[in-house]
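K.L.:
Please see the structure below; I have some questions.
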Amino acid sequence: MENLFHRSFQMFVDENAQNMGMRSGAKTIELLNHYTVELKVPVFLMLAAAPSQTPRYRYIIEHQNSVDWSKVWASHLDDYFSLPKWHPNTFQVVLGEQFTKHVPINSQILYIKDVQEGHPRAEVSDIAADYGRWVSERIRFVRAFGGVYILLFGMGDNGHFAFVEPHMDKWTGDWFMAGQIDDVCARQQYEGYRNHPSPKARYESVES
């Protein structure tokens, strides 16, 4: 097992989510500037959508002129399969409000819901597999030109990373999986939208 862990990580602890978001946003801008402006190569961004991401996205938006957005491909990290397209709680809508409507990303942005619209009667696992194939093709494309893949995500109250819940397989070779969130995560989603300005976005209960 010791041979599996050779990559180094930098870890930062801040006083609050606002400071952490600004630090993360600054690092993201630094990377995007380096690759798209200095090296002039493409970047593939995978984007999470959650209230915790707002400070990071706000910083990137404020410093967006440091990036050549014509070289940025973007895609959505995850979503709820049970909600209809354009529901205010879908991460497609949340991500648009948080970020994608505010920066000039010229290349296609794909969402899980777009794949689902292609075959609405398909099994969730098939939709996840199709989405994974699309993402892996884009990653191979940017890497062929010397570019990189950057993932922006958060850690949930139950320790999940980007909805990879504690009970799910962490060693799969699949890019995306269909999963069931646990009770702690469900509570986090409920609390996150409880005071949303739009009544339609507020869940009636944790179970809903």
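K.L.:
Is it true that some residue in the range 91-101 is open to solvent by less than 60 Å² (accessible area, probe 1.4 Å) and part of a loop (DSSP other than H, G, I, E, B)? If you could, list the steps in order and put the result at the bottom.
P.N.:
Taking the range 91-101 first, the residues open to solvent by less than 60 Å² (accessible area, probe 1.4 Å) are 91-96, 98-100.
Okay, now just the ones that are also part of a loop (DSSP other than H, G, I, E, B), so none.
No.
K.L.:
Another one. Which pairs turn up if I take residues in the range 140-168 that are more than 23 Å from residue 27 (Cα to Cα) and look for partners that are open to solvent by 80 Å² or more (accessible area, probe 1.4 Å) and modelled with pLDDT under 90 with beta carbon separation below 7 Å, at least 6 apart in sequence or on another chain?
P.N.:
Taking only residues 6 or more apart or on different chains, the pairs are 164/170.
K.L.:
Would you mind telling me which numbered condition in (1) over 27 Å from residue 30 (Cα atoms); (2) in a loop (DSSP other than H, G, I, E, B); (3) at pLDDT below 75 residue 107 fails?
P.N.:
Single failed check for residue 107: (1).
K.L.:
Of all residues in the range 135-178, which are at pLDDT 85 or above, open to solvent by 30 Å² or more (accessible area, probe 1.4 Å) and of a type outside the set (Lys, Arg)? Step through it out loud before you land on a result.
P.N.:
Initially, the range 135-178 is screened for residues at pLDDT 85 or above, giving 135-152.
Narrowing further to those that are open to solvent by 30 Å² or more (accessible area, probe 1.4 Å): 137-138, 140-141, 143-146, 148-149, 151.
Correct list: 137, 141, 144, 145, 146, 148, 149, 151.
K.L.:
Still on this structure, I have one more. Only residues that are in contact with a Ser or Thr (Cβ under 8 Å, 6 or more places away or on another chain) and either open to solvent by less than 30 Å² (accessible area, probe 1.4 Å) or on the phi > 0 side of the Ramachandran plot (or both): list them for the range 61-82, please. Quick ask: steps written out before the conclusion?
P.N.:
In the first step, residues of the range 61-82 are kept if they are in contact with a Ser or Thr (Cβ under 8 Å, 6 or more places away or on another chain); the result is 67-74, 79-80.
Across the range 61-82, the qualifying residues are 67, 69, 72, 74, 79.
K.L.:
Still on this model: Examine the range 38-53 for a residue that is hydroxyl-bearing (Ser, Thr, Tyr) and surrounded by 20 or more Cβ atoms within 10 Å (Cβ to Cβ), and state whether such a residue exists. Lay out the reasoning, then the answer.
P.N.:
From the range 38-53, those hydroxyl-bearing (Ser, Thr, Tyr) are 52; that's our starting set.
Next cut, surrounded by 20 or more Cβ atoms within 10 Å (Cβ to Cβ) only: none.
No: the range 38-53 contains no residue that is hydroxyl-bearing (Ser, Thr, Tyr) and surrounded by 20 or more Cβ atoms within 10 Å (Cβ to Cβ).
K.L.:
Then there's this: Report, ordered by the first and then the second residue, all pairs with beta carbons closer than 7 Å, sequence separation of six or more or different chains, a first member in the range 107-125 that is within 16 Å of residue 93 (Cα to Cα), and a second member that is open to solvent by 60 Å² or more (accessible area, probe 1.4 Å) and modelled with pLDDT of 70 or more.
P.N.:
Listed pairs, sorted by first residue: 113/85; 117/85.
The values are calculated or read from the model by the stated rules, or taken from the named source; none is laboratory data. No experiment lies behind these values; they were computed from the predicted model shown. Positions of Cβ are generated from backbone atoms using ideal geometry, with glycine treated the same way; all protein chains shown enter the neighbour counts. Each accessible area value is taken on the protein alone, full model and side chains, heavy atoms only, with ligands, DNA and RNA left out. Shrake-Rupley method; radii C 1.70, N 1.55, O 1.52, S 1.80 Å.
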